[in-house]
Amino acid sequence: MQMFIANGIISVKMDDIANGLHISKRTVYKLFPHKEDLLFAGLKAFHEDNDNERDKFVKEHNGDTLSILYWLLQKQIDVLPKINPIFYDDIQKYPKVQEYIEEHRRAEKAQIRRFLAEGVKQGIFRDDLNYNLFLDILSLCGQVFSKEKLYYKYPLIDILNNGTLVFLRGIMTESARKKLNF
């Protein structure tokens, strides 16, 4: 996944994968007959690792929404500079992977709903908003991000700062914004 994210999927050859793993190309093809199979397995493992890391952090911090939010934002700040915008274009060319991504997004949306509800209980997020509408708006913004290929026009960190953080400031309570220095 590191190679795909850094260089784009199409430019990474199965030879590159084999060399990076110190195995033969034949072994790679035995395990993954098509590049899409390898990408699918890699993306799934990537998500599982991230989900496990997040779940461990949540458990260690007793579901403290503010700590979790800060940690999630920091993870994004760490990952974004490593992503080559070509990756976003390339990944759209793999139907099986796209289907998996949509499935993962739906599952994430349910988790985000629970996270937002817990944040409202903890006084982190405002209690006067329709969070279903909020998540639909975020989803549409993500679609525009992809359709308009904004990742070529603006650095990903700027998209985070000017998009996600603006939304977060809008849904956070005043006290939570002060605690996070937003």
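The values are calculated or read from the model by the stated rules, or taken from the named source; none is laboratory data. Please read these numbers as outputs of a predicted model, since none were measured by experiment. Note that we place each Cβ from the backbone using ideal geometry, even for glycine, and neighbour counts take in every protein chain shown. Just the protein is used for accessible areas: all its heavy atoms, side chains included, with ligands, DNA and RNA removed. Shrake-Rupley method; radii C 1.70, N 1.55, O 1.52, S 1.80 Å.
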key: Ranked order, 165, 133 - accessible area, probe 1.4 Å, largest first   = 133, 165
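If you wrap a convex hull around the alpha carbons of the range 20-108, what volume per residue comes out, as a whole number of Å³?
So the per-residue Cα hull volume is 132 Å³.
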ask   = Counting Lys and Arg as +1 and Asp and Glu as -1, what is the net charge of the other residues whose Cβ lies under 14 Å from the Cβ of residue 150?
value = 0
ask   = Tell me, what does the Kirkwood hydrodynamic radius of the range 85-182 come to in angstroms if you use every pair of distinct C-alpha atoms?
value = 15.1
request  = Answer with a single label: of (1) 1.16; (2) 1.35; (3) 2.88, which was calculated as Cα Rg over 2.2 N^0.38 Å from the structure in view?
outcome  = (1)
message = Nearest 500 deg cm²/dmol is fine: what mean residue ellipticity at 222 nm does the chain get from its DSSP H runs of n ≥ 4 alone, each adding -39,500 (n - 2.57), divided by its residue count?
response = -22500 deg cm²/dmol
query = Dipole size in debye (nearest 20) for the chain around its Cα centre, Lys and Arg Cβ +1, Asp and Glu Cβ -1?
reply = 100
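Taking a ≥ b ≥ c as the square roots of the Cα gyration tensor eigenvalues, with a/c under 1.5 meaning rounded and otherwise prolate when a/b beats b/c, else oblate, which class fits the range 95-148?
Here the range 95-148 falls in the oblate category.
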task = Report in % the part of the accessible area of the range 1-52 that belongs to carbon and sulfur, leaving out ligands and nucleic acids; probe 1.4 Å.
result = 55
request  = Quick one: which residues, 5+ away or cross-chain, put their amide H under 5 Å from the amide H of residue 8? H built at 1.01 Å from N.
outcome  = 84, 87
query = Between their Cα atoms, which of 44/93; 96/153; 13/93; 13/75; 13/147 are more than 19 Å away from each other?
reply = 96/153; 13/75; 13/147
ask   = What residues have an amide H closer than 5 Å to that of residue 172, excluding those fewer than 5 places away on the same chain, when H is modeled at 1.01 Å from N in the peptide plane?
value = 126
query = Using the alpha-carbon centroid of each, what span in Å lies between the range 1-77 and the range 105-182?
reply = 23
